[in-house]
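Structure, as structure tokens:
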Amino acid sequence: MADSIIDFLNKFDDVMYYPVLIIILAAAGLYFSVRSGFVQLRLFTEACRLITEKPAKGEQKISSFQALIVSTASRVGTGNIVGVSTAICIGGSAYYIEEALKKPVISVLCIFLIATYAVGFNLLCIRISRQRISA
């Protein structure tokens, strides 16, 4: 019984998450862009101006940029949690590396990304520790 349910859900996922979901998202994005007059392009300079303006003294404590960053962090953080848990369920990072190593171009990219992350993280830690020492 459980196997048949899992088989059904796997078949449903195969159909829904690849062709159907991509088509629906692309169509919805195009529809709302046309209906709103491509507001994301028309008001791009205004959005940049609002994000970079300083808050008036005594009016508010949080700038527009700070509010944007907090909002973005909450969305990205949730995505990272979901992404990591999905990767662990699939087989962890070793699964992706194993699959990538079968393709030479992707394996070079994979190794480069891992090295970049390691070096970047270590440089960040060094910079933070130097700031703490000098403070």
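The values are calculated or read from the model by the stated rules, or taken from the named source; none is laboratory data. Being a predicted model, the structure only gives us computed values, none of them experimental. Counting neighbours? That spans all protein chains shown, and the Cβs are built from the backbone with ideal geometry, glycine included.
Determine, yes or no, whether Ile51 is modelled with pLDDT of 75 or more and in contact with a Leu (Cβ under 9 Å, 6 or more places away or on another chain). Reasoning before the result, please.
Working: modelled with pLDDT of 75 or more: yes; in contact with a Leu (Cβ under 9 Å, 6 or more places away or on another chain): yes.
Yes; evaluated as a whole, the condition is true for this residue.
Out of all the residues in the range 1-27, which are more than 21 Å from Thr86 (Cβ to Cβ) and either surrounded by 10 or more Cβ atoms within 10 Å (Cβ to Cβ) or assigned by TED's automatic domain parsing to the domain that holds Thr86 (or both)?
Scanning the range 1-27 gives Ile23, Ala26, Ala27.
With the requirement that a residue be touching a residue at least 12 places away in the same chain (Cβ under 8 Å) and aromatic (Phe, Trp, Tyr), what does the range 38-83 give you?
Within the range 38-83, the first condition is being touching a residue at least 12 places away in the same chain (Cβ under 8 Å), and the residues that meet it are 50-52, 64-65, 68.
Selection gives Phe65 alone.
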